[in-house]
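The values are calculated or read from the model by the stated rules, or taken from the named source; none is laboratory data. Here the structure is a predicted model, which means the values were calculated and not measured. Quick reminder, even Gly has a Cβ in these numbers, built from the backbone with ideal geometry, and neighbours come from all protein chains shown.
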């Protein structure tokens, strides 16, 4: 598995370099997200790609039918290369690694903001600005709804969680009172 992680990082870095040279960083990121979502969302496609008895040509034919002309040429060529090198297993996680590299190179971070109600565009902008100042990075916000939150929000950036939810504040208050 650790060899797969190293391979994913190598392929993602190489793909990022090519995309940067061609000025297609954002387009490649979106295409990889589509490819990853498609593969992870289809048991049949994952089974086909993981099956050692199915030839690389057959796999590339299926990938060509699904993504040919719909993704950037550099993405399609990378998919074909991975199939030729029998690295199909890393296809679904390539998007995540590419996004990590892209974010790091562009001093950007993705934030998952969980709230009990949908965020307005103005709310998203305020959250991005506030956490951008806190982290020193450009923040891209993805909103999630969790009706179990009583109020406030939780913001997850990387492996860090900023819990400004009412339930989080109540839990911290309870912990403080129990510790006294």
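State which residue is farthest from residue 110 (Cα to Cα) when the search covers only segment 151-180 and only residues that are under 16 Å from the mean Cα position of the chain (by Cα) and assigned to a loop (DSSP other than H, G, I, E, B). So the residue we want is 159. Is it the case, given these coordinates, that residue 52 is over 17 Å from the mean Cα position of the chain (by Cα), exposed (fewer than 13 other Cβ atoms within 10 Å of the Cβ) and closer than 30 Å to residue 161 by Cα? So residue 52 does not fit the description; no. The residue of segment 104-133 that is surrounded by the fewest Cβ atoms within 10 Å (Cβ to Cβ), among those that are assigned to a helix (DSSP H, G or I) and in contact (Cβ under 8 Å) with a residue 12 or more places away in the chain, is 105. Of the numbered criteria (1) in contact with a strand residue (DSSP E or B) (Cβ under 7 Å, 6 or more places away or on another chain); (2) not in a helix (DSSP H, G or I), the one residue 148 fails is (1).
Residue-by-condition table, conditions (1) farther than 30 Å from residue 131 by Cβ; (2) in a loop (DSSP other than H, G, I, E, B); (3) under 17 Å from the mean Cα position of the chain (by Cα); (4) in the same structural domain as residue 134 (by TED's automatic domain parsing):
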| site | (1), (2), (3), (4) |
| --- | --- |
| 13 | no, no, yes, no |
| 18 | yes, no, no, no |
| 23 | no, yes, no, no |
| 32 | no, no, yes, no |
| 37 | no, no, yes, no |
| 47 | yes, no, no, no |
| 70 | yes, yes, no, no |
| 74 | yes, no, no, no |
| 96 | no, no, yes, no |
